[in-house]
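Comments concern the structure below.
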Amino acid sequence: MILTKVTFTGIDERTDLKRVKQLQKKYPFAEFGVLLSYDWKENGQRFPNPEILARLEKQGLNLSAHFCGQAAIDLAIGKRFKVLEQFSSHIRLFRRCQLNLRANGLFSNLRKLPPIPYINEVIVQMHTPELCEQFLTGERPKHLSFLLDASGGAGIDTPIQILTSPGAHIGYAGGIGPDNVEGKLRTLLEYDSKEKFWIDMETRVRTEEWLDLDKVEQVLVICERLLKEHNQL
């Protein structure tokens with residue numbers, strides 16, 4: 001399969017943006033996610049004050065917005081006013097956004113999900129391959145992609161279960177970090193398919209809940225080596 005991105009979720013208020021920019025320049029396949037929520041103050045230090053978005057302007061970073069809680073649900077069910085009111089002034093920072101929610105109760109809404117302004121790709125978190133397959137059997141908007149993530153950001157090491165569907169962009173998460181990314185990524189790269197995929201990680205690239213750019217760089221070094229081995233760089 002063909003790797004498109006390696007996503008690190010999420011940038012926080014202690015993240016050294018100068019170093020992030022340096023890593024982005026050296027490893028252009030890297031993407032950095034920002035966790036966004038109405039209740040960011042109550043959700044812990046992974047959720048930065050949305051004012052951080054102003055600091056991300058004109059940095060030239062590959063960024064994705066990861067909407068959580070009621071904000072993700074509101075986007076899914078078409079109640080966009082509150083979300084766009086809170087975040088729209090910076091929505092141009094992102095080309096992808098992710099809805100972190102229990103998708104199985106919102107299938108009918110997601111099948112009709114209209115595009116979000118300035119966003120090229122909307123990612124829906126799926127907690128099992130079976131759930132994703134169930135959704136893929138019906139009609140779906142072309143701008144939807146899917147992240148298979150049984151861990152749900154908890155850092156639980158879950159086995160890679162490869163799922164391919166013509167034209168679908170599918171991501172894989174679940175306890176990925178410096179200690180196991182080589183085996184997981186190799187499994188995906190060596191699967192006999194031309195489908196595109198990405199990997200996402202959160203908990204295992206953090207130290208005391210803060211994004212650890214040393215761990216991020218360890219992952220990127222491994223990914224670069226594997227991509228060269230598989231003639232994808």
Phi-derived 3J(HN,Hα) across segment 66-74 with the Karplus relation (6.51, -1.76, 1.60, θ = phi - 60°), rounded Hz, x for Gly and Pro, is 10, 7, 10, x, 5, 4, 5, 5, 4
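Of the peptides 156-162, 188-194, how do they stack up when ordered by the mean number of other Cβ atoms within 10 Å, highest first? Numbers along the way, then the final one.
Working: 156-162: 14.4, 188-194: 12.3.
So the peptides 156-162, 188-194, ranked by packing, come out 156-162, 188-194.
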Unit charges on C-beta of K, R, D, E only; dipole of the chain, Debye:
840
Estimated 222 nm signal from helices in the chain, with DSSP H stretches of n ≥ 4 weighted -39500 (n - 2.57), rounded to 500
-8000 deg cm²/dmol
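Explain nothing, just the number: dipole magnitude of segment 106-233 about its Cα centre with +1 on each Lys and Arg Cβ and -1 on each Asp and Glu Cβ, in debye rounded to the nearest 20. Intermediate results must be reported in sequence, preceding the final value.
Working: 13 positive and 20 negative charges, 116 e Å.
That gives segment 106-233 a dipole magnitude of about 560 debye.
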Taking N as its residue count, the alpha carbon Rg of the chain over 2.2 N^0.38 Å
0.95
Using alpha carbon centers only, segment 168-210 is separated from segment 121-143 by a whole-angstrom value of 18
Applying a 10 Å radius around every beta-carbon, put 51-61, 86-96, 172-182 in order of their mean neighbour count, most first.
172-182, 86-96, 51-61
Whichever lysines have a C-alpha closer than 30 Å to that of LYS25, once near sequence neighbours (fewer than 8 apart) are set aside:
LYS5, LYS58, LYS142, LYS184, LYS194, LYS196, LYS215, LYS228
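How large is the Kirkwood hydrodynamic radius of segment 137-233, in angstrom, based on all distinct alpha carbon pairs? All intermediate terms of the calculation are to be shown ahead of the outcome.
On the way: mean 1/r = 0.0696 Å⁻¹.
Roughly 14.4 Å, rounded to one decimal.
Values in this text are rule-based calculations from the coordinates and carry no lab data. In this text the structure is predicted, and so the values were computed from the model without any measurement. So basically every Cβ, Gly included, is an ideal-geometry build from the backbone, and we count neighbours across all protein chains shown.
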